[in-house]
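These notes concern the structure reproduced below.
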Amino acid sequence: MTKLDQLLLHLMKLLHTMLIPILTGGSITNDDDIESLHEVDINENNCSSDVVSSDVVSCHGVKWKVVEGVLEDWRCAPQYGAHILWGNDADELQRTPIDYWKLSFPLQLLPDIVTWTTASLPAGCAKATEEEILAVFGILYSLTRTSEGRRDLWSTEDGLFPAPRFGERYSLPRNRFEVLLRCLSFCPPSEAKGNDKWAPVRRLIDGFNERRVQKIYPGWQLCIDESVSSWRGKDGDFCSDGMPHVTRIDRKPKGVGCEIKNCADADTKVMLQLEIQEGGEIMCTREYVADYKLAGTAQVLRLTKPQHGSGRAICADSAFASVTTH
């Protein structure tokens with residue numbers, strides 16, 4: 001038995017000494033009592049007593065081997081250098097921010113977005129164009145960087161500061177922007193009215209995930225966690241035009257909104273995969289849940305599916321950890 005094994009065994013004995021009397025109302029008087037309790041505890045949890053007598057631990061059908069250190073360290077392996085898959089030999093120094101945005105956004109959906117948005121426009125409105133849809137996205141990004149009211153951003157009158165002049169910057173009048181924003185669609189109008197309540201954004205999320213697989217080569221470590229997109233609108237549980245599922249997490253600074261499980265590359269901090277949490281009943285039908293019976297394990301497997309078998313390490317908190325997630 002190695003020094004590490006001895007230390008672990010000593011710590012387990014100490015924990016038993018402190019906890020067993022509290023839980024049972026009894027007392028422990030010697031090391032033999034501790035050993036017998038330890039063996040019972042192992043057997044009750046379907047774990048082999050090998051945890052005490054050898055370097056192999058068998059628990060819940062999974063065998064674990066105690067080692068002195070890391071057997072294979074892939075952190076510096078050349079095949080795990082995170083990089084962007086541009087697909088051409090253009091000079092990276094000549095690329096602009098819009099080039100990186102186009103790389104990340106599922107541009108393959110843009111023609112369809114134009115078609116679906118046009119189909120949703122009121123009668124008599126001119127058809128939407130790709131340039132207009134991109135201008136709408138640009139304005140939405142700009143709105144996140146200012147506290148001014150939306151109407152004021154089209155002002156052309158200079159004051160203490162220069163006027164925003166969004167109409168001139170984006171070649172899109174305010175009235176046209178408002179109409180396009182109201183009718184902006186990421187799926188056919190008929191599909192948006194179907195049984196899938198998340199259909200209005202599902203193709204966008206799926207397109208995002210596909211695009212990241214095609215264009216981002218992650219490093220050796222992946223990080224899985226959750227995010228919340230804050231929501232102050234209607235709740236779909238109480239009306240037909242609200243968010244289909246609103247998550248409430250008290251510990252979050254803004255814990256009311258759309259919960260998203262995500263996977264990111266730890267080296268570059270680039271988000272790789274997103275999964276909207278649609279409610280417990282629906283999430284129980286997702287891939288891997290029936291096989292592993294644990295939501296955390298199934299989520300890890302779904303979010304890292306493009307990297308299965310690649311030898312990468314996954315970093316996640318206890319919400320995703322379990323014996324089956326090994």
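Of all the criteria given as (1) at pLDDT 90 or above; (2) hydrophobic (A, V, I, L, M, F, W, C); (3) under 26 Å from Leu107 (Cα atoms), the one not satisfied by Trp154 is (3).
Taken together, the criteria place Trp64 among residues that are outside any loop (DSSP other than H, G, I, E, B), in contact with a strand residue (DSSP E or B) (Cβ under 7 Å, 6 or more places away or on another chain), at pLDDT 70 or above and farther than 23 Å from Asp267 by Cα. Within the stretch 301-321, the set of residues being in a helix (DSSP H, G or I) and out of contact with any strand residue (DSSP E or B) (no Cβ under 6 Å at 6 or more places or on another chain) comprises Leu301, Arg302, Lys305, Pro306, Gln307. Consider the stretch 67-97 and keep the residues that are of a type in the set (D, E, K, R) and at pLDDT below 75. The one that is farthest from Ile216 (Cα to Cα) is Glu72.
Report, by residue number, each residue of the stretch 97-123 that is part of a helix (DSSP H, G or I) and of a type in the set (Phe, Trp, Tyr).
Correct list: Tyr100, Trp101, Trp116.
The condition (being open to solvent by 70 Å² or more (accessible area, probe 1.4 Å), touching a strand residue (DSSP E or B) at 6+ places or on another chain (Cβ under 7 Å) and closer than 28 Å to Lys102 by Cα) is satisfied by just one residue among Trp220, Trp231: Trp231. The criterion of at least 1 residues that are under 15 Å from the mean Cα position of the chain (by Cα) is met by the following helices (runs of 4 or more DSSP H) wholly inside the stretch 172-246: 199-215. Selection of the stretch 141-155 for residues being in a helix (DSSP H, G or I), open to solvent by 20 Å² or more (accessible area, probe 1.4 Å) and in contact (Cβ under 8 Å) with a residue 12 or more places away in the chain yields Ser142, Arg151, Asp152, Trp154. Answer yes or no: is there a residue in the stretch 211-228 that is among the small types (Gly, Ala, Ser), touching a Pro at 6+ places or on another chain (Cβ under 9 Å) and farther than 11 Å from Glu259 by Cβ. Scanning the stretch 211-228 turns up no residue that is among the small types (Gly, Ala, Ser), touching a Pro at 6+ places or on another chain (Cβ under 9 Å) and farther than 11 Å from Glu259 by Cβ. When the stretch 88-134 is filtered for residues that are under 28 Å from the mean Cα position of the chain (by Cα) and more than 27 Å from Leu272 (Cβ to Cβ), the ones remaining, listed by number, are Val114, Thr117.
Filtering the stretch 268-278 down to residues that are crowded, with 17+ Cβ neighbours inside 10 Å and not hydrophobic (A, V, I, L, M, F, W, C), which residue is farthest from Val213 (Cα to Cα)? Ranking the qualifying residues of the stretch 268-278, first place goes to Glu278.
Residues that are among the small types (Gly, Ala, Ser), free of Cβ contacts under 8 Å to residues at least 60 places away in the same chain, open to solvent by less than 50 Å² (accessible area, probe 1.4 Å) and more than 28 Å from Thr115 (Cα to Cα) are absent from the stretch 235-245 altogether. Scoring Phe137 on the criteria (1) more than 27 Å from the chain's Cα centre (by Cα); (2) open to solvent by less than 30 Å² (accessible area, probe 1.4 Å) leaves a single failure, condition (1). Residues that are open to solvent by less than 30 Å² (accessible area, probe 1.4 Å), farther than 23 Å from Tyr217 by Cα and assigned to a loop (DSSP other than H, G, I, E, B): does the stretch 293-300 have at least one? There is no residue in the stretch 293-300 that is open to solvent by less than 30 Å² (accessible area, probe 1.4 Å), farther than 23 Å from Tyr217 by Cα and assigned to a loop (DSSP other than H, G, I, E, B). When Asp250 is tested against (1) without any contact (Cβ under 8 Å) to a residue 12 or more places away in the chain; (2) assigned to a loop (DSSP other than H, G, I, E, B); (3) closer than 23 Å to Leu121 by Cβ, only condition (3) is not met.
The values are calculated or read from the model by the stated rules, or taken from the named source; none is laboratory data. As the structure is a computational prediction, the values presented were derived from the model and not from experiment. Virtual Cβ from ideal backbone geometry, glycine too; neighbours counted across all protein chains shown. With ligands, DNA and RNA removed, areas are computed over all heavy atoms of the protein, side chains included. Shrake-Rupley method; radii C 1.70, N 1.55, O 1.52, S 1.80 Å.
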